[in-house]
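Peer 1: To start, I am sharing the structure in question, which I have written as structure tokens.
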Amino acid sequence: RWVTRRKSRERARRALALLGYETFDLGRAAGAFSIAEQQIIEIARALLNPPRVLIMDEPTSSLTQADVKKLFAAMRRLRGRITATS
């Protein structure tokens, strides 16, 4: 089946929203994002197809303190979703 650009962007928006990054400009080239933003994008990419297990190796190493707080808040929300459906 075909995936349109619009559908791809909507999926990306939803994954980024899970992490608290609803305002990312999806029209920017990948190289235009900072290292911290690229890290967030990689984590969001892992969430596109909800994993049963997500293993991250030092996900906060390149993040600012504000980004770390957002990431941990997102992880708590995701954990809450998983335990609610189990």
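Peer 1: Those residues that are in a helix (DSSP H, G or I) and not aliphatic (A, V, I, L, M), I need them from the stretch 24-33; list them, please. Let's see the steps before the verdict.
Peer 2: Filtering the stretch 24-33 for residues in a helix (DSSP H, G or I) gives 30-32.
The answer is GLY31, and nothing else.
Peer 1: For the condition at pLDDT below 85, small (Gly, Ala, Ser) and either within 14 Å of the chain's Cα centre (by Cα) or assigned to a loop (DSSP other than H, G, I, E, B) (or both), what is the one hit in ALA36, ALA15?
Peer 2: Working: ALA15 fails: at pLDDT below 85.
Answer to the check: ALA36.
Peer 1: Here's another thing I want to ask about it. Name the single residue, out of those in the stretch 4-38 being of a type in the set (Lys, Arg) and loosely packed, with under 14 Cβ neighbours inside 10 Å, that is nearest to PRO59 (Cα to Cα).
Peer 2: Pass one, the stretch 4-38, residues of a type in the set (Lys, Arg): 5-7, 9, 11, 13-14, 28.
Then keep just the ones that are loosely packed, with under 14 Cβ neighbours inside 10 Å; that gives 5-7, 9, 14, 28.
Numbers: ARG5: 28, ARG6: 28, LYS7: 27, ARG9: 23, ARG14: 20, ARG28: 22 Å.
The residue in question is ARG14.
Peer 1: Now, a different point. Of all residues in the stretch 64-85 being in contact (Cβ under 8 Å) with a residue 40 or more places away in the chain and either open to solvent by 60 Å² or more (accessible area, probe 1.4 Å) or part of a loop (DSSP other than H, G, I, E, B) (or both), which is farthest from GLU22 (Cα to Cα)?
Peer 2: Restricting attention to the stretch 64-85, the residues satisfying the condition of being in contact (Cβ under 8 Å) with a residue 40 or more places away in the chain are 70-71, 73-74, 77-78.
Right, trim to either open to solvent by 60 Å² or more (accessible area, probe 1.4 Å) or part of a loop (DSSP other than H, G, I, E, B) (or both) and you get 70, 77.
Working: LYS70: 12, ARG77: 16 Å.
The selected residue is ARG77.
Peer 1: Among residues belonging to the stretch 39-63 that are open to solvent by less than 70 Å² (accessible area, probe 1.4 Å), in contact with a Lys or Arg (Cβ under 9 Å, 6 or more places away or on another chain) and part of a loop (DSSP other than H, G, I, E, B), point out the one that is farthest from ARG77 (Cα to Cα).
Peer 2: Filtering the stretch 39-63 for residues that are open to solvent by less than 70 Å² (accessible area, probe 1.4 Å), in contact with a Lys or Arg (Cβ under 9 Å, 6 or more places away or on another chain) and part of a loop (DSSP other than H, G, I, E, B), the one farthest from ARG77 (Cα to Cα) comes out as LEU63.
The values are calculated or read from the model by the stated rules, or taken from the named source; none is laboratory data. What you see is a predicted model, and the numbers here were worked out from it, not measured in a lab. Quick reminder, even Gly has a Cβ in these numbers, built from the backbone with ideal geometry, and neighbours come from all protein chains shown. Keep in mind that these areas ignore ligands, DNA and RNA; they rest on the heavy atoms of the full protein, side chains included. Shrake-Rupley method; radii C 1.70, N 1.55, O 1.52, S 1.80 Å.
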